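Colleague: I have a structure I would like to understand better, so I am pasting it below and will then ask my questions one at a time.
The values are calculated or read from the model by the stated rules, or taken from the named source; none is laboratory data. Every value quoted in this text rests on a predicted model; they were computed, and no experiment measured them. Backbone-built Cβ (ideal geometry, glycine too); neighbour counts: all protein chains shown. The area values use the complete protein model at the heavy-atom level, side chains included, leaving out ligands, DNA and RNA. Shrake-Rupley method; radii C 1.70, N 1.55, O 1.52, S 1.80 Å.
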Amino acid sequence: TTAGQVLAGDAAAGKAKSMTCAGCHGASGISSNDLWPNLAGQKAVYLSKQIKAFRDGVRNDPMMSSMVKTLTDEDADNLAAYYSEMK
């Protein structure tokens, strides 16, 4: 995705996939550890881009890369839609 594009993710499907993320990023998208960022309220396009970057090896973090390696583009967009709607 590029700047200015609208992400068409399914937040309900993202919520169903978010249990894996909650271990580090918190059940409400707010991390209890300063090492991990809050996801709640982030921009959807940004979140999707970062998930895909970890998955594709553009960004490298052993934990994140292993957590997202099986996600499809649709999964990334759905997770991004879910977290972007949170406060």
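Colleague: Once the whole set of protein chains is in place, how much accessible area is left on Val45, using a 1.4 Å probe, in Å² to the nearest 10?
Modeller: Looks like 40 Å² after rounding.
Colleague: Continuing with the same structure: Given a 1.4 Å probe and heavy atoms of the protein chains only, how would you sort Met19, Met86, largest accessible area at the top? Provide the component values of the computation, followed by the final result.
Modeller: On the way: Met19 140, Met86 40 Å².
The ranking, largest first, comes out as Met19, Met86.
Colleague: Ok, one more. Which sequence of Ile51, Ile30 reflects their accessible areas, 1.4 Å probe, from the largest down?
Modeller: Working: Ile51 25, Ile30 80 Å².
My answer, sorted largest first, is Ile30, Ile51.
Colleague: Report, to the nearest whole %, how much of the accessible area of the chain belongs to carbon and sulfur atoms, 1.4 Å probe, protein only. Each step should come with its number before you reach the end.
Modeller: Values: 3000 of 5510 Å².
Using a 1.4 Å probe with all protein chains present, the chain comes out at 55 percent carbon and sulfur.
Colleague: Can I ask one more? Tell me, what is the 1.4 Å probe accessible area of Leu35, in Å² to the nearest 10?
Modeller: Here the residue's solvent-accessible area equals roughly 140 Å².
Colleague: Shifting gears a bit: Around Ala81, what is the net charge, scoring Lys/Arg as +1 and Asp/Glu as -1 over all other residues with Cβ under 10 Å from its Cβ?
Modeller: Working: positive: Lys15; negative: Asp10, Asp77, Glu85.
Cβ neighbours under 10 Å give a net charge of -2.
Colleague: Okay, helix-only estimate at 222 nm for the chain: each DSSP H run of n ≥ 4 adds -39500 (n - 2.57), divide by all residues, round to 500 deg cm²/dmol; what do you get? Can you show the working numbers first?
Modeller: Numbers: 5 runs with 47 residues, N = 87.
That comes out to -15500 deg cm²/dmol.
Colleague: Can you compute the modelled spin-label distance between Thr72 and Trp36, with each label point 7 Å from Cα toward Cβ, in nm?
Modeller: Computed distance between label sites Thr72 and Trp36 equals 2.6 nm.
Colleague: Summing +1 for each Lys or Arg and -1 for each Asp or Glu, what net charge is found among the other residues whose Cβ lies under 15 Å from the Cβ of Ala12?
Modeller: Working: positive: Lys15, Lys17; negative: Asp10, Glu74, Asp75, Asp77, Glu85.
Its environment carries a net charge of -3.
Colleague: Continuing with the same structure: Under 17 Å from a point placed 7 Å out from the Cα of Met63 along the Cα-to-Cβ direction: which residues of region 17-33 have their backbone N that close?
Modeller: It comes to 19-33, nothing else.
Colleague: Using all alpha carbons of the chain, what is the percent of pairwise distances in each 10 Å bin, ordered from the shortest bin to the longest?
Modeller: The calculated distribution, bin by bin, is 19, 57, 24, 0.
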